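The values are calculated or read from the model by the stated rules, or taken from the named source; none is laboratory data. No experiment lies behind these values; they were computed from the predicted model shown. Because the Cβ atoms are built from the backbone with ideal geometry, glycine has one as well, and the counts that use them run over all protein chains shown. The protein model used for the area step is the full one, side chains on, heavy atoms only, and it has no ligands, DNA or RNA in it. Shrake-Rupley method; radii C 1.70, N 1.55, O 1.52, S 1.80 Å.
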There are 2 protein chains.
Amino acid sequence: MLGRLNHVALAVPDLQAAIRTYEATLGATVSVPQPLPEHGVTVAFVDLPNTRIELLEPLGTASPIAAFLAKNPKGGMHHLCYEVADLATAAAHLARNGARVLGDGRPKIGAHGRPVIFIHPGDMVGTLIELEEV
Amino acid sequence: MLGRLNHVALAVPDLQAAIRTYEATLGATVSVPQPLPEHGVTVAFVDLPNTRIELLEPLGTASPIAAFLAKNPKGGMHHLCYEVADLATAAAHLARNGARVLGDGRPKIGAHGRPVIFIHPGDMVGTLIELEEV
């Protein structure tokens, strides 16, 4: 069922500082930041040869990453996103195995314009997992 | 400087349970667990088309992931490992940019038999970063 690792998402308190760390200190290429008000984040991508690191900074007053940053004020790894060919099949398979999909269980349009679901970290060895249909 | 994302490491309290989650619930392929007493972990790899997820369970009484699991008893994302062509060049570049290498600053032989360094998470937007020479 699992395809590629689409991205690793890092929640960061200061996107410009995170971009400087990845560009200057680690010598990586980072995309221009893009505000996504409907998702409550501003996002920039670190481009690696085989995948991407998604840098997320809270945007607005009800950001979905605000609670995470309150607990981890310096930032940290927020979720992993795996690709799947068919989200409906994936969701049915998860349900059969007792893994809880967050929200109402139905796919939403994610930050990249594709259908996504998030799986409860309690059912995923402590890690928040996003599945994206590609 | 940064090459491929070599792996994402997840610390897990129960490796067999984590393998079941990745195999049965997520439909991935996981390697046979390998005890690495000299590193204080037992490791298994989730093989993805573009990278690997490293599942780490503590081994022995002084495991380097014991403190992390005491704070995160269900498990969680422990570190990211990026590939670099030359660790000496990378370490010099990090030092010029004020990023602290853990331990005595010199490369050690990592869990995959290659030279590695770890960078202080406080200098890496809250994320423990491993650099592996490939």
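Which residues, counting only those in the range A:112-134, are β-branched (Val, Ile, Thr), more than 8 Å from every other protein chain (Cβ to nearest Cβ) and free of Cβ contacts under 8 Å to residues at least 40 places away in the same chain?
Answer for the range A:112-134, where residues must be β-branched (Val, Ile, Thr), more than 8 Å from every other protein chain (Cβ to nearest Cβ) and free of Cβ contacts under 8 Å to residues at least 40 places away in the same chain: A:116, A:117, A:119.
Just one of B:60, B:103, B:113 is modelled with pLDDT under 95 and touching a Phe, Trp or Tyr at 6+ places or on another chain (Cβ under 8 Å); which is it?
Step by step, each of B:60, B:103, B:113 is checked, and only B:103 is modelled with pLDDT under 95 and touching a Phe, Trp or Tyr at 6+ places or on another chain (Cβ under 8 Å).
Is it true that some residue in the range B:60-70 is within 7 Å of chain A (Cβ to nearest Cβ), surrounded by 16 or more Cβ atoms within 10 Å (Cβ to Cβ) and not basic (Lys, Arg)? It would help to see each step written out before you state the result.
Of all residues in the range B:60-70, those within 7 Å of chain A (Cβ to nearest Cβ) come to none.
Checked the range B:60-70: no residue is within 7 Å of chain A (Cβ to nearest Cβ), surrounded by 16 or more Cβ atoms within 10 Å (Cβ to Cβ) and not basic (Lys, Arg).
State whether the residues of the range B:43-54 include one that is in contact with a Leu (Cβ under 9 Å, 6 or more places away or on another chain), more than 14 Å from chain A (Cβ to nearest Cβ) and free of Cβ contacts under 8 Å to residues at least 40 places away in the same chain.
Taking every residue of the range B:43-54 in turn, none turns out to be in contact with a Leu (Cβ under 9 Å, 6 or more places away or on another chain), more than 14 Å from chain A (Cβ to nearest Cβ) and free of Cβ contacts under 8 Å to residues at least 40 places away in the same chain.
Take residues that are under 14 Å from residue B:77 (Cβ atoms) and tell me which of the strands (runs of 3 or more DSSP E) falling wholly in the range A:61-134 contain 2 or more.
Once the strands (runs of 3 or more DSSP E) in the range A:61-134 are filtered for at least 2 residues that are under 14 Å from residue B:77 (Cβ atoms), what remains is A:76-84, A:129-133.
Filter the range B:73-111 for residues that are in contact (Cβ under 8 Å) with a residue 60 or more places away in the chain and surrounded by fewer than 18 Cβ atoms within 10 Å (Cβ to Cβ) and give the result.
B:73, B:74, B:85, B:89, B:93
Only one of (1) more than 29 Å from residue B:134 (Cα to Cα); (2) among the β-branched types (Val, Ile, Thr); (3) not in a strand (DSSP E or B) fails for residue A:42. Which number is that?
Here residue A:42 clears every test but (3).
Filtering the range B:1-18 down to residues that are touching a residue at least 24 places away in the same chain (Cβ under 8 Å) and open to solvent by 10 Å² or more (accessible area, probe 1.4 Å), which residue is farthest from the chain's Cα centre (by Cα)?
Step one: of the range B:1-18, the residues touching a residue at least 24 places away in the same chain (Cβ under 8 Å) are B:1-15, B:18.
When the remaining residues are screened for being open to solvent by 10 Å² or more (accessible area, probe 1.4 Å), the result is B:1-4, B:6, B:13-14.
Working: B:1: 19, B:2: 16, B:3: 16, B:4: 14, B:6: 9, B:13: 15, B:14: 17 Å.
Restricting to residues being touching a residue at least 24 places away in the same chain (Cβ under 8 Å) and open to solvent by 10 Å² or more (accessible area, probe 1.4 Å), the top hit is B:1.
Within the range B:78-96, which residues are among the aliphatic types (A, V, I, L, M) and touching a Leu at 6+ places or on another chain (Cβ under 7 Å)?
Selection gives B:80, B:84, B:87, B:90.
How about the range B:19-42: which of its residues are more than 14 Å from chain A (Cβ to nearest Cβ) and open to solvent by less than 30 Å² (accessible area, probe 1.4 Å)?
B:36, B:40, B:41, B:42 - these are the residues of the range B:19-42 that are more than 14 Å from chain A (Cβ to nearest Cβ) and open to solvent by less than 30 Å² (accessible area, probe 1.4 Å).
Is it true that residue B:49 is more than 14 Å from the chain's Cα centre (by Cα) and part of a strand (DSSP E or B)?
It is false that residue B:49 is more than 14 Å from the chain's Cα centre (by Cα) and part of a strand (DSSP E or B).
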